[in-house]
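Have a look at the structure below before the remarks.
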Amino acid sequence: MSISVNTMRAIDHWVGVPLCAAVSPIVALIDGIKNIVFRPSGQPKKLLFIELSEMGSAILVDPAMRNAQARGAELFFLIFKSNRASLTLLNTVKPENIFTIDSSSLGGLIKDTVRFLMVARKHRIDTVIDLELFSRFTALLTGLCGARRRVGYHIFHGEGLWRGFMLTRKVHYNPHIHITKNFLSLIHAAFATEIEVPFSKIHIADSEVRLAQAIIEPTVLQKVRERIEKLSLEAGLTFTQGKQRIILVNPNASDLLVQRRWAQQRFSELIIELSQRYPSDLILITGSPAEFDYVEKVRCVANVNNALNFAGQVSFAELPPLYTLSDVMVTNDSGPGHFSAVTPLRTVVLFGPETPALYGSVGKSIAITANLACSPCVSAANHRKTPCHDNICMQAISVTQVLEKMVQQLNEADQEKARTVS
């Protein structure tokens, strides 16, 4: 049985805080001895990123990772085992340099944590960047992994979320700029030749936030295409790539923050509107294998011929080919909004408890948000936990609004195809 999000938050607080208090002076003492015995280290050579729980962040951090790679650093990454696949979309980090921790049980968590600390020292990691915003668990991993240069976000004069003194380079987390720029700020701190208080006193231009595109294998692309054609035939439909468009509807969001979900009924209503407007196009309702029943309910309520339940039909590695074959996708604020950014797919992403100003997709995306006075209600300052049980911010988004943006994206996609052909 996997550990629930709330249990992990409780462990991070009740166990993490005293451990950080106990470990901090030990880490400081070891640092002091190293600084006396050894000469100061140079630029990062073996750089470890730690980001455990957010699959989308593994995509959003890619510009920062490539920045570090261009400076000559060999990259390593630590992530929860269940999220490892997110690093395979762009393959910026070599598979053998990806370390994982099994979070499905407390025993597995402890065992893999100890194993990682030994492996990190074996690889002689000299620099670690903690991408988690204010996690005590990752702070402990950062402080104990043996790296002499340890970079991450520090609370400074803010209250709460204290996590000890594990960092040698403390970066101010800026809640007013996109998370990709915050990640790039960490890279500046890691490679800086002089200490700044706080890091990072630089301007990060929009042009630095460039996401690489996934390399699509033609054979995999063909397999996904054949799977779509087969499912269409079984449903009594004939689908021809190039003559009909593929519209993706992703109605679910992870249990990490259920308030991000637009209502099932709204998605069904949207599918009806899309079918009436584009009766010859194919609508695929996507999701993981575990989300099949959720997706089926959306499909049954819509009850239109050209909408198919596509949940569980592709593996995670096959998402880029699916997105490449498709023309537009609508999704809640969740992983697919970020995964699709490594392809040309145009998206419409619905935001409520969080804000696109900080976590918007960096692909060809349009964000929709109600901009309520209470939004965003989750942030780094509250461990992304909200007291809200009535997500008016999502309910305020209308089917008409979403349809309008999807039509806009489809029109622009058609215009782009026309320019390519001409």
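What the table shows:
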{"quantity": "Qualifying residue in the stretch 338-348 (condition: under 25 Å from Gln244 (Cβ atoms), in a helix (DSSP H, G or I) and not hydrophobic (A, V, I, L, M, F, W, C))", "calculated": "yes"}
{"quantity": "Selected residue (criterion: most open to solvent (accessible area, probe 1.4 Å)) from residues of the stretch 116-148 that are among the basic types (Lys, Arg) and farther than 22 Å from Ala58 by Cα", "calculated": "Arg124"}
{"quantity": "Any pair with Cβ under 7 angstrom, 6 or more apart, that starts in the stretch 299-315 at a residue that is closer than 12 Å to Ile247 by Cβ and ends at one that is assigned to a loop (DSSP other than H, G, I, E, B) and open to solvent by 70 Å² or more (accessible area, probe 1.4 Å)", "calculated": "Asn306/Pro279"}
{"quantity": "Answer residue from the stretch 300-326, given it is assigned to a helix (DSSP H, G or I) and among the hydroxyl-bearing types (Ser, Thr, Tyr) and is least open to solvent (accessible area, probe 1.4 Å) among those", "calculated": "Tyr323"}
{"quantity": "The stretch 349-365, subset part of a strand (DSSP E or B) and open to solvent by less than 30 Å² (accessible area, probe 1.4 Å), residue nearest to Val330 (Cα to Cα)", "calculated": "Val349"}
{"quantity": "Qualifying residue in the stretch 239-250 (condition: touching a residue at least 60 places away in the same chain (Cβ under 8 Å) and part of a helix (DSSP H, G or I))", "calculated": "no"}
{"quantity": "Hits in the stretch 53-106 (condition: over 14 Å from the mean Cα position of the chain (by Cα) and assigned to a loop (DSSP other than H, G, I, E, B))", "calculated": "Arg71, Gly72, Ala73, Asn91, Thr92, Val93, Lys94, Asp102, Ser103, Ser104, Ser105"}
{"quantity": "Positions within the stretch 149-192 being under 23 Å from Gly32 (Cβ atoms), of a type outside the set (A, V, I, L, M) and modelled with pLDDT of 95 or more, in sequence order", "calculated": "Arg149, Arg150, Gly152, Thr168, Arg169, Lys170"}
{"quantity": "Within the stretch 375-407, tally of residues that are closer than 17 Å to Thr347 by Cβ and either open to solvent by 70 Å² or more (accessible area, probe 1.4 Å) or acidic (Asp, Glu) (or both)", "calculated": "2"}
{"quantity": "Subset of the stretch 199-216 (residues that are among the acidic types (Asp, Glu) and out of contact with any Leu (no Cβ under 9 Å at 6 or more places or on another chain))", "calculated": "Asp206"}
{"quantity": "Per-region count, the stretch 397-414, residues of a type in the set (A, V, I, L, M, F, W, C), under 25 Å from the mean Cα position of the chain (by Cα) and farther than 13 Å from Arg277 by Cα", "calculated": "3"}
{"quantity": "Selected residue [among the hydrophobic types (A, V, I, L, M, F, W, C) and under 23 Å from the mean Cα position of the chain (by Cα)] from Ile271, Ile285", "calculated": "Ile285"}
{"quantity": "Residues that are open to solvent by 20 Å² or more (accessible area, probe 1.4 Å), in contact (Cβ under 8 Å) with a residue 60 or more places away in the chain and under 18 Å from Ile129 (Cβ atoms), drawn from the stretch 176-218", "calculated": "Ile177, His178, Glu208, Val209"}
{"quantity": "Identity of the residue in the stretch 229-264, among the β-branched types (Val, Ile, Thr) and either at pLDDT below 95 or over 17 Å from Glu296 (Cα atoms) (or both), that ends up most open to solvent (accessible area, probe 1.4 Å)", "calculated": "Thr238"}
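The values are calculated or read from the model by the stated rules, or taken from the named source; none is laboratory data. Here the structure is a predicted model, which is why all the values come from computation and not from measurement. All Cβ positions, even for glycine, are placed from backbone atoms using ideal geometry, and neighbour counts span all protein chains on display. The accessibility values were calculated without ligands, DNA or RNA, using every heavy atom of the protein model including side chains. Shrake-Rupley method; radii C 1.70, N 1.55, O 1.52, S 1.80 Å.
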